[in-house]
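**Student:** First the structure, then my questions, so here it is.
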């Protein structure tokens, strides 16, 4: 029999399952929430890591300060905020020789040099002088030796044709680039206690008793500042390891609060000529504070003010029994910590928000809440 065939069944198209608009929005919202949580977590982890790295850097700097003091008998001096050099002889503008490298003597305020301050006799100008008693350039100059021999008597300056100095000349002896010559009794290569006959020390860069090769090298105004003899003191440092160029910035100015303004390598044309600062892991300079001293003797201690009187170094909260009274801030707040009274020096980082308010301890904007302070030695 012939084969029979079944009639073909009609096939209906099955509906394809899909997402509704509402479901897509829900999924998208979940993805956004997950991504936002990841971003927040990564930012938090990055911030925490940079805080930890900055703390480690500040500890390393303080360890370098201790080693420097062990070799010289004193802590490095404070180098100037140019606004404190009113006569301009030391170089008070960016690009001038000595700018932010001149040494300044401690503020003179009311009180007894041995027994302590007399806050009732302090005026606003004296208090401001204490708040500005810090340096952004001391750390790289004294722990690294970032300057050439026109700044600290150490490191090669090539001849005009680019060749090395002749054997036996000061330039030939001063290698490698990092490191400094022992600054001597006053910590400023003779700039405060000038050993040259007939020259009064004033702390200016141009007064440093460096290993100059000619009468005009290392001064600020072109007049003869020939050293009596080449500087042959012991070479020191470096006391701090810098792993990359990103750790060092160039000082370019100060804002109205006294905050140092900096540039990284490649951001300005004359980076190599600018005074250097050590940057924290948030890109801001670490500030150096130290106790006052008497008559150019960095080994002495002037007790008329202490680091407790520096408002920027004060904590946001105190443990039981830790708070003491010190100089009042802009709000009349006198709270300070005992650790600051005992400290010989301090380091300050502006922290993750990269800001500070040096006029009050607890500022309304909260800039000081994340400031990082390290006392020592």
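**Student:** At a 10 Å Cβ-Cβ cut-off, how would you order 58, 372, fewest neighbours first? Present the calculation step by step, with values, prior to reporting the outcome.
**Tutor:** Values: 58 21, 372 18.
Going from sparsest to densest Cβ surroundings: 372, 58.
**Student:** Report the Cα centroid-to-centroid distance between region 277-342 and region 136-172 in angstrom, as an integer.
**Tutor:** After rounding, the separation between the Cα centres reads 34 Å.
**Student:** Oh, and also: With labels modelled as points extended 7 Å from the Cα through the Cβ direction, what inter-label distance (nm, one decimal) is found for residue 33 paired with residue 255?
**Tutor:** Spacing of the two 7 Å Cα→Cβ label points: 3.9 nm.
**Student:** Quick check on the exposure proxy: order 72, 137, 54 from fewest to most C-beta atoms within 10 angstrom. Mind dumping the intermediate values first?
**Tutor:** Values: 72 19, 137 26, 54 23.
Ascending number of Cβ neighbours within 10 Å: 72, 54, 137.
**Student:** Can you put 299, 276, 243, 234 in order, fewest other beta carbons within 10 Å first? Walk me through the numbers before you get to the answer.
**Tutor:** On the way: 299 13, 276 24, 243 6, 234 9.
Neighbour counts put them in this order, fewest first: 243, 234, 299, 276.
Laboratory data are not the source of any read-out in this text; all were calculated from the coordinates shown. Just so you know, these numbers come straight off a predicted model, no measurement behind them. Every residue, glycine as well, gets a Cβ built from its backbone with ideal geometry; the counts of neighbours run over all protein chains shown.
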